[in-house]
């Protein structure tokens, strides 16, 4: 009999490529992963791995087994969800949510408040994570739900094992110091007029940083002078308010008055960001997870002003 936990390790090895990556994703030691994979190979009764330099390569038999493992893992999750739904006299359980700062504050926190009032047996566990790591953690079963965003022009890959529901799309504006030369002019700001300004963005490799560089290049005709990189919204706004930078931010991040910051639309550029939730396919049949996802969606409707 093949062990489902070991099959999960094989599935993750095929997806991630290395034993160390599997160990990191599942919070095991590399030696534990290697040992369990050797046990799986003995259980299978056929070679599953062959050396490839310092790595291991999956044999054809291992690839076939990994494909079945994906189906078995999805089936086990659906079975757990159906069992929870059938057995639940009350909606209860722990739901692990990966979310980034703005979404946590504006959407997840109101959703947690609502769930606490309607389903006190549900415990929401927040794990702060940017969208890409959150989606990877979701696929690795380290999270139950990812609350993520996607910037126009830089979509995330659509993984067949994940169920995604878009919450709303929102415009992206330019944030300027209140004493900036263009802040008092009113109306939209042309990106080309910001070519000589210092910029602040998110961390390199993230969606926001890529958006700023792409938009400045394509619509402003310049490479932005990025001097500050932070994913902390309060720090981004503080840099702008103090006159150290300009930046692009979506409407949700700019809700509420920020002293020293002027918000202007961009001239001739239709920029949007989409927020969405993702779960593993079939997992939201779990009543607790479904309740949290519904509460986030309702918070999204409120944050979007009743529309997208």
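Things to note:
- Residues that are at negative phi, in contact with a helix residue (DSSP H, G or I) (Cβ under 6 Å, 6 or more places away or on another chain) and surrounded by fewer than 16 Cβ atoms within 10 Å (Cβ to Cβ) occur in segment 152-170; there is at least one.
- Selection status of residue 259, in contact with a strand residue (DSSP E or B) (Cβ under 9 Å, 6 or more places away or on another chain), part of a loop (DSSP other than H, G, I, E, B) and assigned by TED's automatic domain parsing to the domain that holds residue 176: no
- Of the set (1) in contact with a helix residue (DSSP H, G or I) (Cβ under 8 Å, 6 or more places away or on another chain); (2) touching a residue at least 60 places away in the same chain (Cβ under 8 Å); (3) assigned to a helix (DSSP H, G or I), all apply to residue 269 but (3).
- Checked against the criterion of being within 16 Å of the chain's Cα centre (by Cα), over 22 Å from residue 264 (Cα atoms) and surrounded by fewer than 15 Cβ atoms within 10 Å (Cβ to Cβ), the candidates 139, 125 yield just one match: 125.
- Scanning segment 90-118 for residues that are touching a helix residue (DSSP H, G or I) at 6+ places or on another chain (Cβ under 6 Å), more than 21 Å from residue 280 (Cα to Cα) and modelled with pLDDT of 95 or more yields 110, 114.
- Which numbered condition residue 294 misses (of (1) touching a residue at least 60 places away in the same chain (Cβ under 8 Å); (2) closer than 28 Å to residue 159 by Cα; (3) surrounded by fewer than 22 Cβ atoms within 10 Å (Cβ to Cβ); (4) touching a helix residue (DSSP H, G or I) at 6+ places or on another chain (Cβ under 9 Å)): (1)
- Selection status of residue 177, touching a helix residue (DSSP H, G or I) at 6+ places or on another chain (Cβ under 7 Å) and under 17 Å from residue 264 (Cα atoms): yes
The values are calculated or read from the model by the stated rules, or taken from the named source; none is laboratory data. Worth saying up front: this structure is predicted, and the values here are computed from it rather than measured. Cβ: placed from backbone, ideal geometry, glycine included. Neighbour counts: every protein chain shown.
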